[in-house]
Amino acid sequence: MSKWKQIGLGDTATFFNGYAFKPTDWSTSGKEIIRIQNLTKGSSQINYFEGEIPEKYKVRKGDILISWSGSLGVYEWKGKDSWLNQHLFKVVFDKEDLDKSFFTYLISNSLKKLETQVHGATMKHITKKKFDAFPVALPPLDQQKKIAAILDAADAYRQKTKALIEKYDELTQSLFLDMFGDPVRNPKGFERGLIEDLIKIQGGSQPPKKLFKSEPEEGYVRLVQIRDYKTDRYLTYLPKDSTRKFCTEKDIMIGRYGPPVFQILRGIAGAYNVALMKALPLDGMDSEYIFHLLSCSYIQNIVIGNSQRTAGQTGVNLKLLNSIEISKPPIVLQNQFAERVQAIEAQKALAQASLAQAEDLFNSLLQRAFKGELK
């Protein structure tokens, strides 16, 4: 690493922060406004702007964008010409000789380290001053290209495995539609009922933060929050006797607030907080069927389209959810569906194990790359 240049991130390129659009600027036509949730797929809602603002806020295909508030990440824009919203940087390569692919890995690695410095904050937020000053080691351009080629290959394997997992999810969705059709229109003529006739919804609780601990102890239980279904970085524990709202790994959980609102989740055991609800199948209803019923686009579109916005958050309209009239297929058919899904899930589990190995390989190479160990 003797030939690597030691500089701050702010000296590698120019980073333009996005424009502070107001809700009154939004339109249904014009150029898209790129927001963090559009990059992270946290929301499918797209806002547009019809006016004109300085050219530096325009994003073109291939531009590198960095999210520095909330969800930290680096992205390559692949859409049409758009406008950049605040809390995002656009990168202009005007200072150092940089390979774009290498640079995205450099930023990704740097953001992970910067994130540890703001651990515990409710909203992750990196100041421009801290970002610019963060030290990085920059190898010569030819070595950047070699490192990028190695990491690109490892990332391609990782992305291929992720795509396979998505295919299994799509197969399950197709199976659901083939066996049951649109549960709202009910083309197969099944018995009909309201959602409240199929499931019972139990809200969570919000114990005081003074009880929270970051490490498990005797008599403590994990506090399950929406973000825990994406990452284990923010593990929280509380006394088991401080709450009565518990869930198992098999329970169907609903994300009450968003964005994205109305996530259908499962896989974690513990005590769930107020941002989650548990959906308990009533007699004659199979849990696997209910999970995919609530996940299907027909129900999702109704609930999300009628969600309520209060105190800056979008929340599930429970009254509306319970009143949706849907099909109620025979339990025998539900059980057949569950058996077929189990077979798909077994194959998906193998792919997830491969993904875990691919992630480990990629992260190992990433760390070695920035220690100068990849030749």
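The values are calculated or read from the model by the stated rules, or taken from the named source; none is laboratory data. Just so you know, these numbers come straight off a predicted model, no measurement behind them. Cβ: placed from backbone, ideal geometry, glycine included. Neighbour counts: every protein chain shown.
From Arg227, Arg192, grab the single residue that is at pLDDT below 95 and either on the phi > 0 side of the Ramachandran plot or exposed (fewer than 14 other Cβ atoms within 10 Å of the Cβ) (or both).
Exactly one of Arg227, Arg192 is at pLDDT below 95 and either on the phi > 0 side of the Ramachandran plot or exposed (fewer than 14 other Cβ atoms within 10 Å of the Cβ) (or both), namely Arg227.
Is the stretch 356-366 home to any residue that is outside any helix (DSSP H, G or I) and surrounded by 15 or more Cβ atoms within 10 Å (Cβ to Cβ)?
no
Of a type in the set (Asp, Glu) and not in a loop (DSSP other than H, G, I, E, B), is that true of Glu32?
yes
Can you go through Ile66, Ile46 and tell me which one is farther than 27 Å from Ala133 by Cα, surrounded by 14 or more Cβ atoms within 10 Å (Cβ to Cβ) and among the β-branched types (Val, Ile, Thr)?
Residue meeting the stated conditions: Ile46.
Could you tell me which of the residues Asp241, Asp228, Asp251 is among the acidic types (Asp, Glu) and under 25 Å from Arg340 (Cα atoms)?
Asp251
For the stretch 51-61, indicate whether the set of residues that are within 21 Å of the chain's Cα centre (by Cα) and either in a strand (DSSP E or B) or assigned by TED's automatic domain parsing to the domain that holds Val261 (or both) is non-empty.
no
State which residue is farthest from Asp241 (Cα to Cα) when the search covers only the stretch 195-212 and only residues that are part of a strand (DSSP E or B) and at pLDDT 95 or above.
Ile199
Within the stretch 247-258, can you find the residues that are of a type outside the set (D, E, K, R) and surrounded by 16 or more Cβ atoms within 10 Å (Cβ to Cβ)?
Across the stretch 247-258, the qualifying residues are Cys247, Ile252, Met253, Ile254, Gly255, Tyr257, Gly258.
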